[in-house]
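A.B. asks: First the structure, which I've put down as structure tokens, then a few questions once you've had a look.
The values are calculated or read from the model by the stated rules, or taken from the named source; none is laboratory data. Nothing here was measured: the structure is a model prediction, and the numbers come from that model. These accessible areas exclude ligands, DNA and RNA; they are computed on the full protein's heavy atoms, side chains included. Shrake-Rupley method; radii C 1.70, N 1.55, O 1.52, S 1.80 Å.
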Amino acid sequence: MHCGTETEDQQRLRFMVELEFVQCLANPNYLNFLAQRGYFKDQAFVNYLKYLLYWKEPDYARYLKHMLRIGRES
């Protein structure tokens, strides 16, 4: 996760924005929207997605809601 000279309020805001974006990525329609507009060909965007992989860690994943569980029973 990003560290540096962010204030606590800035860290909290970034956390909430990234949380919302990661949850949007669970929506197939949103992924299609991004693909149709070429976002996945933009290396900066791909790098940002790689950065967001920290959301897979249990300390962060516990905040994720409404994630699709394809092929799994709820």
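A.B. asks: Percent of Cα-Cα pairs more than 17 Å apart in the stretch 1-64, please.
C.D. replies: Numbers: 975 of 2016 pairs.
Beyond 17 Å sits 48 percent of the P(r) for the stretch 1-64.
A.B. asks: A further question on this structure: So how exposed is R12, as accessible area in Å² (1.4 Å probe, rounded to 10)?
C.D. replies: Accessible area of R12: about 120 Å².
A.B. asks: What's the extension gain from E8 to L25 if we count 0.36 nm per residue and subtract their Cα-Cα distance? Can you show the working numbers first?
C.D. replies: Numbers: separation 17, 0.36 × 17 = 6.12 nm, distance 2.58 nm.
Additional length available on full extension: 3.5 nm.
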